[in-house]
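Notes follow once the structure below has been shown.
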Amino acid sequence: MGEVFAVYRRLAGAKLRGDLQYRASFVMFFAGQFLITFLDFVAIAVVFGRVTTLGGWSLYQVAFLYGASGVAFGLSDMFVSQVEYVPQRIRLGTFDSLLIRPVSSLLQVVAEDFAPRRMGKVLQAAIILGVAVAKLHLAWTVGRVAMTVCMVLSGTLIFSAIWIAGGAACFWLLEGQEVMNSVTYGGNFMTQYPIHIYGAWLRRLLAFVTGTAFVAYFPALYILDKPDPLGLPSFMPFLSPAVAVVACVLAGAFWRVAIRHYRSTGS
Amino acid sequence: MRLYWEVARRGFRRYATYRAATVAGVLTNSVFGLIRAYILIAVFRQRGTIGTFDVTDAITFTFVTQGLLMPVGAFGRMDISERIRTGDVVVDLYRPVDFQAYWFAHDAGRAAFQLLARGIPPVLVGALVFHLRFPSSPTTWIAFAASLTVAMILSFALSFALNLTAFWLIDDRGTNQLATAIQLFLSGILLPIVLFPGWLEAIARNSPFAAIVELPVEVLLGKHPGRALIPVLAIQLLWAAVAVGCGRLVLGAATRKVVIQGG
């Protein structure tokens, strides 16, 4: 395990030093990411200029969801979303070189394309989450603190598992990689709002099949002390870590199946 | 003229080749359309109408804008900046055709394909799930076609000018991302601009970005009937003329001082 971590640090460190050679581009990308994701929040604020609640949730409650989901998605985007470049590697034939090295191909993919410039997304969401928490005047019990930490960690793992499963699916869907976006970016977008506003089948498909309802919505029910209009059991918020672990195990297994299926382009 | 027609046909066919990518894109646009529609339904449940929109207008708007995202809505889809970076652009500049017109023909072919293949399916998906509202009068459809055509020209001209910044910046991903962010917001793709607070709506409505997406869709929804159509088309045409002109100026400046990359 220690060895794996050392390999990761060397590869990711090399990428970071490389990125910083192009400082202006790095800064622009960072700022661009910050702005693009911030506009999603501006859209929420604009909506709340017209209504006072959305599905029974106030602006700061929705901001809490937005921030929590954004931090989790941003972290997974920074550390894992690089798997979406797998189709390019397959087309160019450079994926083969990863397979002859004595380290996991997944580790190499995520480490070599480690993207610290995507930090802008995380920072932006963290600021919104901070503002929401400050404005909501929550009574910080041990349970709430623990649930908040748990929420961010589980959320990051759930989104990471989705990226990895999507990356593995790309071994079959070389050209159709955009399908991934509907579960990754779509999942992130959907979890920014209380999920009971969605139609039943969409809610089930995107939230329960992919597990994204456990990223922010269920933990937030507990932290914000909101009633669940869907009438699901009250232990749902506590399931997030379990969902995260199961999702990661499944995604890892799917990746290994994909690698076994892989045939080089031979070019 | 024959030449540009052939270039446009090649543009159409080039994009028609990627079938799986088209299906994947339609799926993604549809999913985002559904999510946005449900959010807007929750908003309109609190208020019957906002501006001139009711809930059916808002849902129809959402799916039509998702359909228009690829044909007219997105920046960064042309290869010009890539060709500037690699130096291949020198070949394009050698050709005995107008550089801007050549790329316009190519982009028109692409837009025509994407209007059919990426534009219509998400709207059909929306119509399966929700009640959408479309005009019954042929005049509204003709007005929409006119407004959309100007939107396509404007969208191309803005993209073209933006791509040319690569002559100076080499890496134009930063500017592209910034422009995309501003456009997504001001064009009504993230949220219909009728929901904006008054001052922000005024800025958006008079920007070139609303002329690309919001205005044509409002025309389709019958928000600008009869003579009210004239100012809408006028502002679209004005922005299109400005953008085409800017593109030519930037191109002139670029070709006078340019240093071609590569070797």
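The values are calculated or read from the model by the stated rules, or taken from the named source; none is laboratory data. Only a predicted model underlies this, so the values are computations on that prediction, with no experimental measurement involved. Quick reminder, even Gly has a Cβ in these numbers, built from the backbone with ideal geometry, and neighbours come from all protein chains shown.
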With the checklist (1) at pLDDT below 95; (2) over 24 Å from B:Ile41 (Cα atoms); (3) among the small types (Gly, Ala, Ser); (4) touching a helix residue (DSSP H, G or I) at 6+ places or on another chain (Cβ under 7 Å) in hand, flag the one item B:Ala253 doesn't pass. (4)
Which of the residues that make up region B:171-198 are touching a helix residue (DSSP H, G or I) at 6+ places or on another chain (Cβ under 6 Å) and more than 9 Å from chain A (Cβ to nearest Cβ)? B:Asp172, B:Ala179, B:Gln183, B:Leu186, B:Ser187, B:Gly188, B:Ile189, B:Pro192, B:Ile193
Looking only at region B:26-50, and only at residues there that are touching a Lys or Arg at 6+ places or on another chain (Cβ under 7 Å) and within 7 Å of another protein chain (Cβ to nearest Cβ), the one that is modelled with the highest pLDDT: B:Val43
Mind checking which residues of region A:164-176 are facing chain B (nearest Cβ under 7 Å) and either at positive phi or surrounded by 20 or more Cβ atoms within 10 Å (Cβ to Cβ) (or both)? A:Gly176
It is to be established whether one or more residues within region A:91-104 are outside any helix (DSSP H, G or I), among the hydroxyl-bearing types (Ser, Thr, Tyr) and away from chain B (no Cβ under 14 Å). yes
Where residues in region A:178-226 are in a loop (DSSP other than H, G, I, E, B) and free of Cβ contacts under 8 Å to residues at least 60 places away in the same chain, which of them is nearest to the other protein chains (Cβ to nearest Cβ)? A:Tyr198
Lone unmet requirement of (1) touching a Pro at 6+ places or on another chain (Cβ under 6 Å); (2) away from chain A (no Cβ under 14 Å); (3) surrounded by 21 or more Cβ atoms within 10 Å (Cβ to Cβ) for B:Leu115: (3)
Please verify whether A:Gly93 is on the phi > 0 side of the Ramachandran plot and modelled with pLDDT under 85, treating the condition exactly as stated. yes
Within region B:86-100, considering residues that are acidic (Asp, Glu) and free of Cβ contacts under 8 Å to residues at least 60 places away in the same chain, the one surrounded by the most Cβ atoms within 10 Å (Cβ to Cβ): B:Asp92
Assess whether A:Thr141 counts as being at pLDDT 85 or above and among the hydroxyl-bearing types (Ser, Thr, Tyr). yes
I'm told A:Ser58 meets every condition in (1) modelled with pLDDT of 90 or more; (2) surrounded by 20 or more Cβ atoms within 10 Å (Cβ to Cβ); (3) small (Gly, Ala, Ser) except one. Can you identify the failing condition by its number? (2)
If you check A:Ala12 against the conditions, is it touching a Pro at 6+ places or on another chain (Cβ under 9 Å), of a type in the set (A, V, I, L, M, F, W, C) and either within 12 Å of chain B (Cβ to nearest Cβ) or not in a loop (DSSP other than H, G, I, E, B) (or both)? yes
One residue from B:Ala145, B:Ala151 being under 26 Å from B:Gly245 (Cα atoms), surrounded by fewer than 16 Cβ atoms within 10 Å (Cβ to Cβ) and more than 10 Å from chain A (Cβ to nearest Cβ): B:Ala145
Number of the condition not met by B:Val64 [criteria: (1) closer than 30 Å to A:Glu175 by Cβ; (2) away from chain A (no Cβ under 12 Å); (3) over 19 Å from the mean Cα position of the chain (by Cα); (4) of a type in the set (Val, Ile, Thr)]: (3)
Criterion: surrounded by fewer than 17 Cβ atoms within 10 Å (Cβ to Cβ) and away from chain B (no Cβ under 14 Å) - qualifying residue of A:Val142, A:Val109, A:Val80: A:Val142
Residue ID - surrounded by the fewest Cβ atoms within 10 Å (Cβ to Cβ), chosen from residues in region A:4-34 that are of a type in the set (S, T, N, Q) and without any contact (Cβ under 8 Å) to a residue 60 or more places away in the chain: A:Gln21
Of the listed residues (A:Val152, A:Val245), the one being within 25 Å of A:Leu59 (Cα to Cα) and in a helix (DSSP H, G or I) is A:Val152
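Condition test on A:Ile44, is it aliphatic (A, V, I, L, M), within 14 Å of another protein chain (Cβ to nearest Cβ), within 30 Å of A:Asp228 (Cα to Cα) and surrounded by 18 or more Cβ atoms within 10 Å (Cβ to Cβ)?
Yes.
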Tell me which of these B:Leu249 doesn't satisfy, since it passes every other one: (1) crowded, with 19+ Cβ neighbours inside 10 Å; (2) more than 14 Å from chain A (Cβ to nearest Cβ). (1)
Suppose we keep only residues that are out of contact with any Gly (no Cβ under 8 Å at 6 or more places or on another chain) and within 22 Å of A:Val257 (Cα to Cα) within region A:145-163. Which one would you say is nearest to the other protein chains (Cβ to nearest Cβ)? A:Trp163
Counting residues that are of a type in the set (D, E, K, R) and more than 30 Å from A:Tyr198 (Cα to Cα), which helices (runs of 4 or more DSSP H) fully inside region B:43-154 reach at least 3? B:80-86
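Return the residues of region B:1-25 that are part of a helix (DSSP H, G or I) and either at the interface with chain A (Cβ under 7 Å from one of its Cβ atoms) or acidic (Asp, Glu) (or both); say none if nothing qualifies.
B:Glu6, B:Ala20, B:Ala21, B:Val23, B:Ala24, B:Gly25
Of all the residues that make up region A:18-36, how many are facing another protein chain (nearest Cβ under 9 Å) and either of a type outside the set (Ser, Thr, Tyr) or more than 15 Å from B:Thr175 (Cβ to Cβ) (or both)?
9
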